1. Which members of segment 123-155 meet the condition of being closer than 16 Å to residue 186 by Cβ, surrounded by 12 or more Cβ atoms within 10 Å (Cβ to Cβ) and either of a type in the set (S, T, N, Q) or modelled with pLDDT of 85 or more (or both)?
2. What residue, among those in segment 224-277 that are surrounded by fewer than 17 Cβ atoms within 10 Å (Cβ to Cβ) and aliphatic (A, V, I, L, M), is modelled with the highest pLDDT?
3. Please go through segment 70-110 and pick out each residue that is in a helix (DSSP H, G or I) and farther than 15 Å from residue 34 by Cα.
4. Go through segment 159-178 and report how many residues are open to solvent by 70 Å² or more (accessible area, probe 1.4 Å) and either modelled with pLDDT of 80 or more or among the small types (Gly, Ala, Ser) (or both).
5. Evaluate segment 7-15: report whether one residue or more is in a helix (DSSP H, G or I) and at pLDDT below 85.
Amino acid sequence: MKNKQKLSASIVADVEVFDFLKEKVGERKTRTEAYCDLLDKSQNGFISPFLRRVDYALEPHQCHVTISDLATEWRWHRATVRSFLDALEEMGQLKRVKLAKSVVITMALHEQEEKADNVHEESAFTIRLMEALSNWIVGKTDSVMTGKSCTEIIQQKTGVLFNKEDFLVSGTVLDESASYCEQQNEIREITMSCIAFAALQKVLRKSRFDERKPLQEFFQNDCCGQWDNFLELCKTLAELVVTGTENGADTDSPIKKELKSLRSPFLSLLAKSQEVI
């Protein structure tokens, strides 16, 4: 059976995985072994002994080699090495800077651990905010108390990201560098997003005990029990709730009046979903 659509995907694997998959076939390196060799060279900033005097500063994940060196080491023809590198570059696995008698190769590697740590930190920060806001949503704390809790969480987050000693100017004022301001704006935006979401939940709680039966009846009778019709209805009701207007209905039309009558049942259903999700 043929695939209807080819999906692109990235594989997360470190050098140890490829080292495990390598199979030794005589003295000549396999393609997998050659690829692993490029990974190893780029991770260690390898420079060919014949190029040590060449003035070229390597960046992370780069190596400086010659085609002849690779051909000798891999026991390949130089033309085979070139075509191999061409294929890897076309697949986005590496980039090359071709110099007069050598080539600088940059392998397509990502700092997975650092990225994972950043995601974990942001998730933990968001969770702490939502925990503080949950009491405000149910009415256990007021806006003043919740605001103080949010302030403390933000200050702790800022303290982790920015060591004050690194940003002191003349021992008194924080350096408003571009990086500092960017991080501060990101923290502020995350906090505001959490508060906006919490405010929506708080308002929805008022509707959780309203009658939902009219919406159920509308689904059975007017939507003919079809979920695609109900999807379109909910989209229109969501526009009515969020923007105060809806598409496809005149100001005084019977349709608009009927939609307005379904507004409260829709909000009640939405509030109920907050308890389920």
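1. 126, 128, 129, 150, 153, 154
2. Ranking the qualifying residues of segment 224-277, first place goes to 231.
3. Scanning segment 70-110 gives a single hit, 90.
4. Final tally of qualifying residues: 2.
5. Filtering segment 7-15 down to residues in a helix (DSSP H, G or I) leaves 15.
Restricting the remaining residues to those that are at pLDDT below 85 gives 15.
Yes, there is a match, as at least one residue in segment 7-15 is in a helix (DSSP H, G or I) and at pLDDT below 85.
So that you can scan it fast, the table gives a plain yes or no per residue for (1) surrounded by 14 or more Cβ atoms within 10 Å (Cβ to Cβ); (2) free of Cβ contacts under 8 Å to residues at least 24 places away in the same chain; (3) not aromatic (Phe, Trp, Tyr):
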{"site": "51", "(1), (2), (3)": "yes, no, yes"}
{"site": "56", "(1), (2), (3)": "no, no, no"}
{"site": "61", "(1), (2), (3)": "yes, no, yes"}
{"site": "64", "(1), (2), (3)": "yes, no, yes"}
{"site": "67", "(1), (2), (3)": "yes, no, yes"}
{"site": "71", "(1), (2), (3)": "yes, yes, yes"}
{"site": "76", "(1), (2), (3)": "yes, no, no"}
{"site": "85", "(1), (2), (3)": "yes, yes, yes"}
{"site": "90", "(1), (2), (3)": "no, yes, yes"}
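The values are calculated or read from the model by the stated rules, or taken from the named source; none is laboratory data. Note that this is a predicted model, so its numbers are computed, not measured. Virtual Cβ from ideal backbone geometry, glycine too; neighbours counted across all protein chains shown. To get the accessible areas, we keep the full protein, side chains included, count just its heavy atoms, and leave off ligands, DNA and RNA. Shrake-Rupley method; radii C 1.70, N 1.55, O 1.52, S 1.80 Å.
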